[in-house]
Structures are given as C-alpha cells and as structure tokens.
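Colleague: Before I ask anything, here is the structure I am working with.
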Amino acid sequence: MDYRRFFEDAIDQLHAEKRYRVFANLERIVGKFPRALWRTADETREITVWCSNDYLGMGQHPKVIAAMHDASSRMGSGAGGTRNISGNNHPLVELEAELADLHAKEAGLVFTSGFVSNEASISTIAKLLPNCLILSDELNHASMIEGVSRSGAEKKIFRHNDIVHLEELLKAAGKERAKLIVFESVYSMDGDIAPIAAIADLAEKYNAMTYIDEVHAVGMYGNRGGGITDREGLSHRIDIIEGTLAKAFGTLGGYITGTKSVIDAVRSYAPGFIFTTALPPVIAAAATESIRHLKVSQEERRMHQCQAQLTKDVLAQANLPVMPSETHIVPIHVGDPELCKKASDRLLQKHGLYIQPINYPTVPRGTERLRITPTPFHSNELVVELKDALVEVWTALGIPFSKDSTPAIESNDRVVTLAVSKAGG
C-alpha cells in the first residue's frame, strides 16, 4: 500500500480548495512592536503586523521581559516535569492565585495552552456530571468542540447567541438533569459578544452550570482586565471562567478559574493536565507580572479601544467592507478563498503589511475575510497606511467595495481627523 499517497491527496485537496495554509517566517523586534522582520529565501524585510493576538503589546513590555529574565537567571528554562513530578514551580503557584483573584474565584488552574484548557476542562467536567447534557453555541472555538466531543456526553447545539433557542433546549432537558452551557464572551472571527447576563439567567432558571471562554477578552475589558464578565459585573454568576495567557497578557498558556471543588476535580482527573509537563517558571513569572500590571493600568485598554475604533472608521470611510463588530476585532469581508489569499499575499509583498487570510473551516464558506487586530501601538499614520494599501489591493484584485466599485477619495489628514472625532479620541 502506498501510504504516502493518502497524505499527498489530503494536501492536494487543500490546494484545490484554495485553502492551503502558508506560514510567514517572522521575527518580532523588541521595542518596535508591531514591526517585525519577514524572512524569505531571497530577502529579509521589515514589515508591519496587523493580525497579532498580542493585543496590547504586553509580550514586549519592559516589566514582563524583566520578570522573565529574572526567573530564568534564578530557575533556568524548563519546569522539569509534570505538576505531580517536580514541575510544580513557585511562580506557577503564584500565577494561579493571581488568576483566581482576577476573576474573583476561589481557585485557578493553569494549562500549557488555551486549547488544552478548554479540551481538558470541558471533557472532564462533563464526564464527572452524571448524565450530563452539554449545550454549546454553534460558533464555539474548535478547542471547545473538541472538549465537548471527548466528554462523550450528549450535546445540543444552540444557534449563535440565540437565547430563545437555548431556553427551548434547557426546558426540554428538565431542571433535574445535569447541564453544562459552554460559550464564549467575544467571538474572535466576527467580534460579537455573547448575551452573558441572559445566559446566566437561564442557567439559574433551569439549574445549569455555565462555562465561558474569555480568551479574546481577558486583559482588554473590565476595570481589572477580567474580560467581559468583569466589565459587566457578571463574574460571580458564571461557574467556570476560562482564559488564555497568550493573547492580551503576551505570554503562553491557558487556564480555568472557579470553585475549589471544580478546580481540584479537573486537576485530579483531566489527562490533558496530569500528563503534561508544567508551564516553565519563566513563562509563569512573566504572565504574573503582565496580569498584575493590567489589573491596575487602564492606559493600554484605553488606547487599544481608541485605535480599534479609529481603524474601523477609517476603513469604512474608504468604502472597504468592514464587517459589523462590537469589539476590537476588525474583519474585512472578501468572500472568496482564492481572492482572500491573493489579497494577503499582495499586502505583504507589495505593501509590507501582514494580515493572515481567514478561510474555511475557520469561518463558513463565502465569508472568507482578512481579520485585523489593531493594538495601542498601531499609530494613526499606520492606520492610514493600512487603508491606502487595502484600497490598492481591492482595486487591483477587483474585490467589491462596500458601496460601489470606487473607494472614497479624501485626503489622509481629513480621514484621520473625521475618524478620531467619531471615535472620541
């Protein structure tokens, strides 16, 4: 049997569907975020990254880097084992306490990634609940879907953010059956927000547990950076709050917070936690410093929201098809996988701007897009540069603008002035 052929056929299928993924070889530059070096076989160029999940630039914050340097000089690089076998380092214990405090919960548990934290936690919690029914939002992240699947529990998918549909499913299940509602606060491809209070109301009414993924919100929303639940004063109404250290906090890892009993049960039963080497002390120390800083500093969040709104306004004024978004996510609709890839390639090669194309299965077919994530360090000048480059690319590739086939023509100074005024900056 020609085993290689099966894998080659699988890759050929991705090429045929125009959704084969190519990774850019990037090297971030400390002190110049969001600038980076882009390396190819022929050259090395300095470019601007417009799709980073380091939303606040904390991955290069002096305090975070100093904490990492200090930890490495004292404790070395790795953890040396799983949490059960010598890997339970002191910075990691401190980090879990910091996370529990961030979300006003009794305890926290850190995993090596956000994917693992969702997969391991959801599957373990549902397995431990007798005859559990999982109710999952249809747009939940792949890690949550994997957790639901691995649990072996019965599942029902409710329409995205549809409270009426969720209540129908809860009512049909009955109050006596164990139920776990799993959903996200910020959905990263569209930038919309879940009706958290309404979901919490239904959970209380029908005696269900709640599990929320705040990975695209922690650090960026709320008075202390606890996410949308922090901003809306709802942390106490959600049973398990999951988050990441790899986005706004600028490091690596995932976590859950909740009651001591839930956290201890996941710690004791989840294979994805038990049999994985612990997060290194250098990472834990850096993450703790980042969290502590963002608990008290509002400047990063203020500037982040200002530049995100400015970007939306400037691009919309140029008739670019900015998709509706309630948050910092700025999706630009393309609607075709091949054009999406061509647009991304042209932006990088001609304009030195990196925005990864988002195609199926990450988003539904026909909704392919460029997903832009402005940060506090994307200046007004960089926003205008982005707008000009997108207009050129849309025109060159014949991608439809939002209103007509011709972009709005205004001076760059006027565009920024109008946008800043609208954004309240």
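Colleague: Give me the residue from the range 7-36 that is surrounded by 10 or more Cβ atoms within 10 Å (Cβ to Cβ) and over 23 Å from the mean Cα position of the chain (by Cα) and, out of that set, farthest from Tyr360 (Cα to Cα).
Modeller: Glu8
Colleague: Sort through Ser290, Ser268, Ser297 and tell me the only one that's free of Cβ contacts under 8 Å to residues at least 60 places away in the same chain and open to solvent by less than 30 Å² (accessible area, probe 1.4 Å). Can you show your working first?
Modeller: On the way: Ser290 fails: free of Cβ contacts under 8 Å to residues at least 60 places away in the same chain; Ser268 fails: open to solvent by less than 30 Å² (accessible area, probe 1.4 Å).
From the options Ser290, Ser268, Ser297, the qualifying one is Ser297.
Colleague: Follow-up. I'm told Ala126 meets every condition in (1) open to solvent by 10 Å² or more (accessible area, probe 1.4 Å); (2) in contact with a Ser or Thr (Cβ under 7 Å, 6 or more places away or on another chain); (3) farther than 30 Å from Cys51 by Cβ except one. Can you identify the failing condition by its number?
Modeller: Here Ala126 clears every test but (1).
Colleague: Since Met144 meets every condition but one in (1) outside any strand (DSSP E or B); (2) open to solvent by 30 Å² or more (accessible area, probe 1.4 Å); (3) under 17 Å from Asp213 (Cα atoms), which condition does it not meet?
Modeller: Looking at each condition in turn, Met144 falls short on (2).
Colleague: Given the structure, is Pro62 open to solvent by 60 Å² or more (accessible area, probe 1.4 Å) and closer than 23 Å to Gly250 by Cβ? Outline the logic, then answer.
Modeller: On the way: open to solvent by 60 Å² or more (accessible area, probe 1.4 Å): yes; closer than 23 Å to Gly250 by Cβ: yes.
When the stated conditions are applied, Pro62 passes them.
Colleague: Look at Leu169 and say whether it is of a type outside the set (Asp, Glu), open to solvent by less than 10 Å² (accessible area, probe 1.4 Å) and either modelled with pLDDT of 95 or more or over 16 Å from Asn118 (Cβ atoms) (or both). Steps first, answer last, please.
Modeller: On the way: of a type outside the set (Asp, Glu): yes; open to solvent by less than 10 Å² (accessible area, probe 1.4 Å): no; either modelled with pLDDT of 95 or more or over 16 Å from Asn118 (Cβ atoms) (or both): yes.
Taking the combined requirement at face value, the residue does not satisfy it.
Colleague: Now for a different question. Scan Ile181, Ile157 and give me the residue that is in contact (Cβ under 8 Å) with a residue 24 or more places away in the chain, of a type in the set (A, V, I, L, M) and farther than 22 Å from Gly219 by Cβ.
Modeller: Ile181
Colleague: So Gly191 ticks every box in (1) open to solvent by 30 Å² or more (accessible area, probe 1.4 Å); (2) at pLDDT below 95 but one. Which box is left unticked?
Modeller: That leaves (1) as the condition not met.
Colleague: Moving on. Within the range 37-58, restricting attention to residues that are polar (S, T, N, Q) and within 21 Å of the chain's Cα centre (by Cα), which residue is surrounded by the fewest Cβ atoms within 10 Å (Cβ to Cβ)? Break it down into steps so the answer makes sense when it comes.
Modeller: Step one: list which residues in the range 37-58 are polar (S, T, N, Q), which gives 40, 44, 48, 52-53.
From what's left, within 21 Å of the chain's Cα centre (by Cα): 48, 52-53.
Numbers: Thr48: 23, Ser52: 22, Asn53: 15.
That would be Asn53.
The values are calculated or read from the model by the stated rules, or taken from the named source; none is laboratory data. Please read these numbers as outputs of a predicted model, since none were measured by experiment. Cβ: placed from backbone, ideal geometry, glycine included. Neighbour counts: every protein chain shown. These accessible areas exclude ligands, DNA and RNA; they are computed on the full protein's heavy atoms, side chains included. Shrake-Rupley method; radii C 1.70, N 1.55, O 1.52, S 1.80 Å.
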